[in-house]
Every structure is written in C-alpha cells, then in structure tokens.
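Worksheet for the structure shown next.
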Amino acid sequence: MTSLYCYDDAQARRFEPFALTRPVSELRMGARLIRERWELATGREARGFAGAAHLDDFEESGAPGAVLDAIPAGALLVNARFAPSLARCETDADVSEFGERVVAVRLTERLDAHVLRDGTFSLDTLATGRP
C-alpha cells in the first residue's frame, strides 16, 4: 500500500494562528481532520507531514510526525490545504487535480524533504516537471 504524506505549502503556513501550533493537515474540516479525509479518500495511511521548521517536534496521539529526511518513491504527496470529500476515490492516478490545481502527486522517485522545507515548492512542479 502506498503511503501518504501531507505538505503544508507557503500559503498553508500563513493560516495563523492555527498553523503556529500544528500542521494544517491536523486541522478539523467538518467532522474529520484534513489528514483523515485524505486517508479515507485514498485508502492510504498518512506516514508524515512536510511543514514549517517550528513544527519539527509536533507530537499528538495518532498523528504522524514531521518528515525530516526523505519521502519514498511511490508515496502520495498531498496538498494539506485541500480537504477532499469523505467518499473513497477509486483512482491510482499519478496526479490528482481539482479544477486546475494539482492537489496530489504520486512520487516517481525519492524526494528529499529539504526541498519542501520553506514551503515554496509547488506540487505542479512534480506534476509537470517544470517550476
């Protein structure tokens, strides 16, 4: 089963005061956390999040920790700002879009977490191969 990683991009990190204390994927959207919505929609378990440095030590029961080294090839990297429907999505697409926005990308190769460190990296870059 492919693992799931949530990414707090620069826009997500500005969602203060909430983003000061937890990754955006650990915020509640309706009855579920955004991370839980992604888990339900994809049928995959979240293994970590890529977020701001001040959240490196974030710990909460049931929540995955910060990814400080690398995200493995084959993993699904998702935009933490997007809260998917609670319905299961039966797709194994390499790129998922909502409207014209890339919301999830299956990694074709290992991705060093430092690339995501400042939040300016775009999932579009992974989807298109262009910045």
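Key figures
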{"quantity": "Antiparallel %, DSSP beta bridges [both residues in the chain], to 5", "calculated": "55"}
{"quantity": "Peptides 24-31, 67-74 ordered by average Cβ neighbours within 10 Å, highest first", "calculated": "24-31, 67-74"}
{"quantity": "Val95 long-range amide H proximity, modeled H, under 5 Å", "calculated": "Arg106"}
{"quantity": "Hydrodynamic radius by Kirkwood, which averages 1/r over all alpha carbon pairs of the range 4-128, in angstrom", "calculated": "14.3"}
{"quantity": "Charge dipole of the range 1-108 about the Cα centre (unit charges at C-beta), most positive-ward option of Asn79, Val67, Thr2", "calculated": "Asn79"}
{"quantity": "Pairwise FRET efficiency - Asp69 versus Asp118, Cβ, R0 = 22 Å, nearest 0.05", "calculated": "0.85"}
{"quantity": "Under-5 Å amide H pairs with Leu111, H placed in peptide plane, nonlocal only", "calculated": "Ile71, Ala73"}
{"quantity": "Gain upon complete extension [Met29, Asp57; 0.36 nm per residue less C-alpha separation]", "calculated": "7.8 nm"}
{"quantity": "Burial order of peptide ranges 105-115, 37-47 (average beta-carbon count within 10 Å, highest first)", "calculated": "37-47, 105-115"}
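Rule-based calculations on the coordinates, nothing more; no lab input. Source: prediction; values computed, not measured. Here Cβ is always computed from backbone atoms with ideal geometry, including for glycine, and neighbour counts include all displayed protein chains.
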